[in-house]
Amino acid sequence: MAIHVHNIGKLSEGAPYSWDSKDALLYALSVGAGAQDQTHNLAFTTENSRGIEQRVLPTFAVVLGGTGGSMDEMGDFKLSQVLHGGQAITLHRALPSSGSVIPRACMSAVYDKGANAIIEQTTELLDSRTREPVATSVTSMIVRGEGGFGSDSVPPDHWALPGRAADLSFTQKTSLDQALIYRLNGDRNPLHSDPKLAGLVGFEKPILHGLCTMGFAGRALLEGVAASDPDAFGSMSVRFAAPVVPGDELTTSIWRTETGAIFQVLVGDTVVLDRGTYTHRTAAPSRGSQEPKTARA
């Protein structure tokens, strides 16, 4: 069997990873902040606007420190067998505009899906000075052709869309160079930039990073249900359902819940991010009316 189940829970600590104000600003621009109105997201896109303190988008956590572990510890399968199935992040505190973290990771779960396997990797980001938790990331990977080993099945999922119209709907258009900008955060996979490679794996053109689409949804959630306050942002999780092509228009539909929200992201009639959940870390300021509305984030 290619999956190294015996390594479940084995911690691996990576080298300290540091970032500065410019890195946080680049990330914000790479997920569309300021694209439709350059004055709208100044707290996230500038560091020297008068009377505005620089803040950091919570989803910036997904690009900090990598995984802190090695794929070799998970199994001897090929990287070409792996699909990014889902992503979750939990913020234990708002991210500063500059800082340093130590990634500590482990293969936290393995599930048998019949023909395929699902591996979950959990990465804790620890403050490199105090070792206090900053954020936790859970990456779900589908390993094609490596199922059938008799492990536990995936836990039941009770997520469901409410039988009512969305409380909020945000429309955000990605740019034709969105993937070229986002790759500067560190993910240089040529699937997102090289037309020849994209064609070899069945795409007409390079596709957008799934985590970039997640960043667009995170901005919509931050503005729509957390009053643009990173201190209120607790956690977020998504399933990657279909690819997005740079230039596509994303519609994020949000339904408020007692603890936060659930959401979906669509391109036209196609769901591209599914089974989305969001929870508050601290109470978000009131947004007034609860009537459904449409906005452009």
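The values are calculated or read from the model by the stated rules, or taken from the named source; none is laboratory data. Note that the structure is predicted; figures quoted are calculated from it, not measured. Counting neighbours? That spans all protein chains shown, and the Cβs are built from the backbone with ideal geometry, glycine included. The area values use the complete protein model at the heavy-atom level, side chains included, leaving out ligands, DNA and RNA. Shrake-Rupley method; radii C 1.70, N 1.55, O 1.52, S 1.80 Å.
If you take the residues of region 108-129 that are acidic (Asp, Glu) and over 18 Å from Leu83 (Cβ atoms), which of them is surrounded by the most Cβ atoms within 10 Å (Cβ to Cβ)?
Glu124
Please verify whether region 207-216 includes one or more residues that are part of a helix (DSSP H, G or I), over 15 Å from His84 (Cβ atoms) and touching a residue at least 60 places away in the same chain (Cβ under 8 Å).
Yes - at least one qualifying residue is present in region 207-216.
Check off (1) open to solvent by 60 Å² or more (accessible area, probe 1.4 Å); (2) modelled with pLDDT under 90; (3) not charged (D, E, K, R) for Val154 and give me the number that stays unchecked.
That leaves (1) as the condition not met.
Tell me which residues, restricted to region 36-54, are assigned to a loop (DSSP other than H, G, I, E, B) and open to solvent by less than 50 Å² (accessible area, probe 1.4 Å).
Selection gives Asn41, Thr46, Ser49, Gln54.
Consider Ala160 against the criteria (1) under 25 Å from Phe263 (Cα atoms); (2) touching a strand residue (DSSP E or B) at 6+ places or on another chain (Cβ under 8 Å); (3) among the aliphatic types (A, V, I, L, M): it satisfies all of them except one. Which criterion is unmet?
(2)
Given (1) surrounded by fewer than 20 Cβ atoms within 10 Å (Cβ to Cβ); (2) in a strand (DSSP E or B); (3) in contact with a helix residue (DSSP H, G or I) (Cβ under 8 Å, 6 or more places away or on another chain), identify the lone condition not met by Ser137.
That leaves (1) as the condition not met.
What is the residue count in region 178-214 for residues that are of a type in the set (Asp, Glu) and loosely packed, with under 12 Cβ neighbours inside 10 Å?
Number of matching residues: 1.
Would you check if there is a residue in region 159-178 being in a helix (DSSP H, G or I) and either closer than 22 Å to Leu64 by Cα or among the charged types (D, E, K, R) (or both)?
yes
Going through Ala105, Ala33, Ala28, Ala61 one at a time, which residue ends up being open to solvent by less than 30 Å² (accessible area, probe 1.4 Å), at pLDDT below 95 and within 27 Å of Asp231 (Cβ to Cβ)?
Residue meeting the stated conditions: Ala105.
I'd like the full set of residues that are among the charged types (D, E, K, R) and closer than 17 Å to Ala217 by Cα, limited to region 167-196.
Asp167, Lys173
Residue by residue through region 184-225, note down the ones that are in contact with a Lys or Arg (Cβ under 7 Å, 6 or more places away or on another chain) and among the hydrophobic types (A, V, I, L, M, F, W, C).
Across region 184-225, the qualifying residues are Ala198, Val225.
Out of Arg281, Arg219, which single residue is charged (D, E, K, R), within 28 Å of Tyr17 (Cα to Cα), crowded, with 17+ Cβ neighbours inside 10 Å and within 16 Å of the chain's Cα centre (by Cα)?
After applying the criteria, what remains is Arg219.
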